Number of protein chains: 2
Amino acid sequence: MPDYQAPLRDLRFVMDEMLDYPAHYARLPAGEEASPDVVAAILEEGARFAREVLLPLNQSGDQEGCRLEGGEVKAPQGFKAAYAQYVEGGWPSLAADPEHGGQGLPHSLAMVLNEMICATNLAWGMYPGLSHGAADALRHHGTDEQKATYLTKLVEGTWTGTMCLTEPHCGTDLGLIKTRALPTEGGAYAITGTKIFISAGEHDLAENIVHLVLAKLPDAPEGSKGISLFVVPKFLPDADGNPGERNGVVCGSLEHKMGIHGNATCVMNFDGAKGFLVGAPNKGLACMFTMMNAARIGVGIQGLGLAEASFQNALAYARDRLQMRALSGPKAPEKAADPIIVHPDVRRMLLTQKAFAEGGRMLVLYTAQMIDIVEHGSDAAEQERAETLLGLLTPIVKAFLTEVGFEATNEGVQVFGGHGFIQEWGMEQLVRDARITRLYEGTTGIQALDLLGRKVLMSQGESLKVFTKEIHKFCQAEEGNRALAEFVRPLAKLNAEWGELTMGIGMKAMADREEVGAASVDYLMYSGYVTLAYLFARAARQAQATLAEGSEDAAFYRGKLNTARFYFERLLPRTRTHKQAIEAGAESLMAMSAKDFGRGFEL
Amino acid sequence: MPDYQAPLRDLRFVMDEMLDYPAHYARLPAGEEASPDVVAAILEEGARFAREVLLPLNQSGDQEGCRLEGGEVKAPQGFKAAYAQYVEGGWPSLAADPEHGGQGLPHSLAMVLNEMICATNLAWGMYPGLSHGAADALRHHGTDEQKATYLTKLVEGTWTGTMCLTEPHCGTDLGLIKTRALPTEGGAYAITGTKIFISAGEHDLAENIVHLVLAKLPDAPEGSKGISLFVVPKFLPDADGNPGERNGVVCGSLEHKMGIHGNATCVMNFDGAKGFLVGAPNKGLACMFTMMNAARIGVGIQGLGLAEASFQNALAYARDRLQMRALSGPKAPEKAADPIIVHPDVRRMLLTQKAFAEGGRMLVLYTAQMIDIVEHGSDAAEQERAETLLGLLTPIVKAFLTEVGFEATNEGVQVFGGHGFIQEWGMEQLVRDARITRLYEGTTGIQALDLLGRKVLMSQGESLKVFTKEIHKFCQAEEGNRALAEFVRPLAKLNAEWGELTMGIGMKAMADREEVGAASVDYLMYSGYVTLAYLFARAARQAQATLAEGSEDAAFYRGKLNTARFYFERLLPRTRTHKQAIEAGAESLMAMSAKDFGRGFEL
């Protein structure tokens, strides 16, 4: 069975040494209580919970799956008890506003814990995971009464939340939804329609489920401008705010999926269910984006967590498994063969995993600071800058970290050889679980359009400049640092190239809008690699500085420096391919008619 | 449920128009009967069998899996009946030697049919699939009696074969095997040991199973020089050659796997089982390579088949699914949204699948000609050349086509969005089934060492030169063809670079053998991309020539030309990344100690 140790040492490096979280927290009103000691204690406790409570349920949950019986969904054995422990431990309320019963700690801290949950049991993590988006939507757009009724329960964790967006005929294109909301007496609405792919839509972990549902009012304009958001509880709260009458929303069936078997992915049938409008009529799409943005960052963290889990187990296996001798001569002559970690190609796979896990962690923690500042900062200019960066980085966190996370879990299988394909070892589950992360909350293609079209080009490149300027400053500041030149020089070059490449696409897009879509995914991946290069350069600077001062933990810093070097030498060159693909433009994609694609066959 | 149409039109293009199979067959003694009409009839009949018999069992076989009951394995429902039809149709004997009951048709023809089998039901295909390797080993190394007893039954298909190599502690490093063979009276041996990952090791499709088993004689030298090959039947043949006494080899358990659930992957326990030496004592490794080489090409074909299957279904979905409007304005204004095939990024994914399927098909059919020539050629020099090319291309066919096949099946899931993750659509099964192809019969890493270390560097680059010379000649011949310049120029440049890159690695490897392993997988992928570029350039030439002549099927040739262009513009640039990674060398891989990898954690 796979094991897992929360990467506390690496978290300490990124948070305390590289990104100066102690100072960051000290500046936040919400950060007052997040002293280094408190943070360390929370992370250690979270690590224990993930390893001791969630990890043992990961394989069994995958094998058992969920059952639908008479409209009720039973999660796998142990999931309910683990959730009770989670609520009892106060985890759901960690970063929530004290006004709604939260502990008021910075949001970034919850994100770190989320990595541990995703690494040990993604399917379980999806039960509380969706509550966050629902809570966010209510906090930003709900009435005071809605907050009092639903938000406090979500914060407490006794109720969980869902996001009901997708319908059988539309996921990306929500303007096409058919679910209707009819006004009823007393200001409520009768919601009717079918939603699919609803994670944790029905389950036995919490006493009530709060559905946030997109639907159309009778007089709604066509398309995405006519969508409204409703809160639809499974049980209507009674006068005391406790679960009362059963509402007309039921789970019609469970999807059979490639992975995350332990999570209930539901078809939800709304049959005149009682719902309450959240926010203004026909402004549901904006409210939805409040949910989506948090959820997207959350999915990026899933990619990170799975990469780390796969790395740790592949490393343990590579140290243990004996097979062949090193090409340069035996390294463990006393054994029947050398451990496979001696082989350069096995090391290439392990370093790929390590670089994506550590690079992803830096990216998430860098982004998390922006979230803290947006939510709790006191300087308006700083908040605006953080919001711009957050908007730019969100699609990168979501799509890049899930793409490379999937790659990392596949490398983990590959290190295990044929054993990687066998369920017992747990490596293939990580691949199956990781596969969904490239799809839900907007596929990689959708994230790429968001990044290039909406964030970069619609701002005339201004949002990108906020980030490239920061990278430029870093490179300038380190220009004279000879020891860092191997990182700073290629980074400075790439940083300039990133801007030029963007301008090139912008120019072409003026003549043909399809150029945006044609470049988008390669542009997103390019952007992800450059972003990680910046963070690895900063990590390398930190490691070099600490090594120069002398450290008792020199091995860690050498490892960090080496990982940065590997990243620059072996992974960053992928930008060459993406650049060429971007520059190739739309022509070879658009030339063929839909018919010509098929060489005459029709399925 | 996924559908499938055998790519007969594309096969006709590659076989008849591009690689001139009619002339190739006319020159082979075994090819006399393979007239264009006969070939076309066989392919059509095979297409029908794959689509009508195998395809309907693919999803049900995946869901049902295999059952072990009292030592007997039951394959999924319908598998046995389909196998009976397969035997009745004479398919197993198609390319076998008439001397052993075969129909004597060229081997390449069986490979084409194999693509159809792999595309429609990989798990089923693995039951007859292993027989081929077993038959090859017996044909090359068996005694006349062994051939009469076992080979004829394998050819007929009434018995199936296995390859029993891997043991719990060793797969790649067969020198470590512990299975023992003790001589007994009468010249037979008592085989004792445990083999794992034995595909089709036990099942109910055939009346007997012929295990080809690697084991060690009592006085065997250490390591891989002390391995011998034995034939161990499940039922010992009686005096009439029919299955008689049950032998001491039983299935101990079935593996639970990520994919190919319909195939029985067995732990096989040999408990003094009666076996017979095949070939000379201690020369089992050489015999094994006879099996392995055929099997490796077969696995490459699996990657190709799965890519094609995924492409066809993704294309059908992309034409059908309505979602969003084209960025350049509505393309299907009469519908609620445009079919997603209008979006450039969806086209990028479909073209990636198409390019890998069509490129893979060209590579397999090019390689298949080498196999025909090696097996049946009449000119010794030509045979030697074919053998060299075959040796060079085998690891590329195996590893490159499975790596890109896996990518193609993943693109298929991605085109389906969230629906791709749902079992019902069948796209995720293709990914799970494809995942094993990168692992079995030697992982990608092992193929890469075979290519770079054994085939290229051990021949001082001579084997590579045989191929690059052919490419060079093609480029020279087309130098004046302006219409083809977009393909020929980059190909000529890459072809020269391939040689230089190889020399560079060779030089570095003289100082440090680890440089071979450090470069190997990137070298293999680089080689694969250049190889496909050569074949796409030839395809483009053919398509241009036919279009210039005028064709009623112009859409097909335009599609082919466009696919070649897409390949050169969008996929071939990956060579830039691989080249940089190769040139980065071993240092960043080897610098870190096994301990430093772990940032202090120990699982």
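The values are calculated or read from the model by the stated rules, or taken from the named source; none is laboratory data. Everything quoted here is computed from the prediction, not taken from an experiment. So basically every Cβ, Gly included, is an ideal-geometry build from the backbone, and we count neighbours across all protein chains shown. Keep in mind that these areas ignore ligands, DNA and RNA; they rest on the heavy atoms of the full protein, side chains included. Shrake-Rupley method; radii C 1.70, N 1.55, O 1.52, S 1.80 Å.
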*Considering only the label points, 7 Å along Cα→Cβ from Cα, what distances in nm to one decimal separate A:Ala483 from the same position in each other copy, shortest first?*
6.2
_Surface accessible to a 1.4 Å probe, per residue, for the residues of segment A:131-205, Å²_ = 35
*Can you list, shortest first and in nm, the gaps between the label point of B:Met503 and those of its counterparts in the other copies, using a point 7 Å from Cα in the C-beta direction?*
3.9
*asked:* Between 0 and 90 degrees, rounded to the nearest ten: what's the tilt of helix B:462-477 against the longest Cα principal axis of chain B?
replied: 30
*Total accessible area buried between chains B and A, 1.4 Å probe, in Å² to the nearest 100?*
9600
*Return the sequence-ordered ³J(HN,Hα) values of segment B:449-454 in whole Hz as given by the Karplus equation 6.51 cos²θ - 1.76 cosθ + 1.60 applied to θ = phi - 60°, using x for Gly and Pro.*
5, 4, 5, 6, x, 7
*From the cross-link list A:Lys153/A:Lys283; A:Lys178/A:Lys257; A:Lys153/A:Lys257; A:Lys335/B:Lys283; A:Lys257/A:Lys595; B:Lys354/B:Lys560, which pairs have alpha carbons spaced over 20 Å apart?*
A:Lys153/A:Lys283; A:Lys178/A:Lys257; A:Lys153/A:Lys257; A:Lys335/B:Lys283; A:Lys257/A:Lys595
*Taking A:Lys195 as the anchor, which aspartates and glutamates have their alpha carbon closer than 20 Å to its alpha carbon, excluding any fewer than eight residues away along the same chain?*
A:Glu69, A:Glu72, A:Glu167, A:Asp173, A:Asp204, A:Glu222, A:Glu255, A:Asp271, A:Glu441, B:Glu424
*Long-range Cα-Cα pairs in segment B:456-589 (distance over 24 Å), rounded percent*: 37
*Taking chain A as the reference, fit the longest principal axis to its C-alpha atoms, fit the long axis of helix A:107-120 to the helix C-alpha atoms, and give the angle between the two in degrees, 0 to 90, nearest 10.*
80
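In segment B:456-589, carbon and sulfur make up what percent of the accessible area (probe 1.4 Å)?
After summing per-atom areas, the C and S share lands at 52 percent.
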*Roughly how many Å² is the accessible area per residue of segment B:456-589, as a whole number, for a 1.4 Å probe?*
41
*Would you please give the FRET efficiency between A:Leu603 and A:Arg489, computed as 1/(1 + (r/R0)^6) with r the Cβ-Cβ distance and R0 = 35 Å, to the nearest 0.05?*
0.10
*Counting only C-alpha contacts under 8 Å and six or more residues apart, can you give the relative contact order of chain B as a whole percent?*
13
*Any chance you could run the full-extension gain for B:Ala511 through B:His169? It's 0.36 nm times the residue separation minus the Cα-Cα distance, nm to one decimal.*
119.9 nm
*Assigning unit charges at the beta carbon (Lys, Arg +1; Asp, Glu -1) and nothing else, what dipole magnitude in debye, to the nearest 20, does segment B:336-488 show about its Cα centre?*
300
_Extension gain, A:Lys283 back to A:Glu479 (0.36 nm per residue minus Cα-Cα distance, nm)_ = 65.7 nm
_Position A:Lys469, label points 7 Å along Cα→Cβ, spacing to each other copy in nm (shortest first, one decimal)_ = 6.2
*Can you tell me the order of B:410-418, A:252-260 when each peptide is scored by its average per-residue count of other Cβ atoms within 10 angstrom, highest first?*
B:410-418, A:252-260
_In whole percent, and with a 1.4 Å probe on the protein chains, what portion of the accessible area of segment A:163-263 is carbon and sulfur?_
51
*Determine ³J(HN,Hα), in whole Hz, for all residues of segment A:359-375 in sequence, where each value follows from phi through the Karplus function 6.51 cos²θ - 1.76 cosθ + 1.60 and θ = phi - 60°; x replaces Gly and Pro.*
x, x, 4, 4, 5, 5, 6, 5, 5, 4, 4, 5, 4, 4, 5, 4, 6
*So what is the calculated 222 nm ellipticity per residue for the protein assembly as shown, using -39500 (n - 2.57) for each DSSP H run with n of 4 or more, over all residues, to the nearest 500 deg cm²/dmol?*
-16500 deg cm²/dmol
_Just to check I understand the Karplus step: with θ = phi - 60° and J = 6.51 cos²θ - 1.76 cosθ + 1.60, what whole-Hz values come out for segment A:32-47, glycine and proline as x?_
3, 7, 8, 6, x, 5, 5, 4, 4, 5, 5, 5, 5, 5, x, 4
*Run down the lysines and flag those whose C-alpha is under 16 Å from the C-alpha of B:Lys147, throwing out any fewer than 8 positions away in its chain.*
none
_Out of all DSSP beta bridges in the protein assembly as shown, what portion is antiparallel? Express it as a percent rounded to 5._
85
*Charge-dipole axis of segment B:456-589 as Lys and Arg at +1 and Asp and Glu at -1 on Cβ define it, positive-most pick from B:Leu524, B:Ser588, B:Leu491*: B:Leu491
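Keeping all protein chains in place, calculate the accessible area per residue for segment A:270-364 (probe 1.4 angstrom), answer in Å².
Computed with neighbouring chains in place, this is 27 Å² per residue.
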*Report, to the nearest 10°, how far helix A:574-584 tilts away from the longest principal axis of the Cα atoms in chain A, using its own Cα long axis and a range of 0 to 90°.*
60
*asked:* Need the per-residue list for segment A:299-340: every residue with at least 30 Å² less accessible surface in the complex of protein chains than in the chain by itself, probe 1.4 Å, sorted by number.
replied: A:Gln312, A:Leu315, A:Arg319, A:Arg321, A:Gln323, A:Met324, A:Leu327, A:Ser328
*Ratio of Rg to Rh for chain B, alpha carbon only, Kirkwood?*
0.97
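In segment A:289-383, which GluC sites (Glu not before Pro) are in a loop and have at most 13 other Cβ atoms within 10 Å, using DSSP for the loop call? Could you put the intermediate results ahead of the total?
Values: sites: A:Glu308, A:Glu334, A:Glu358, A:Glu375, A:Glu382; in loops: A:Glu334.
Those that pass, being in a loop and sparsely packed, are A:Glu334.
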*What number, in percent, do you get for the relative contact order of segment B:456-589 if the mean sequence gap of Cα pairs under 8 Å and at least 6 apart is divided by its residue count?*
28
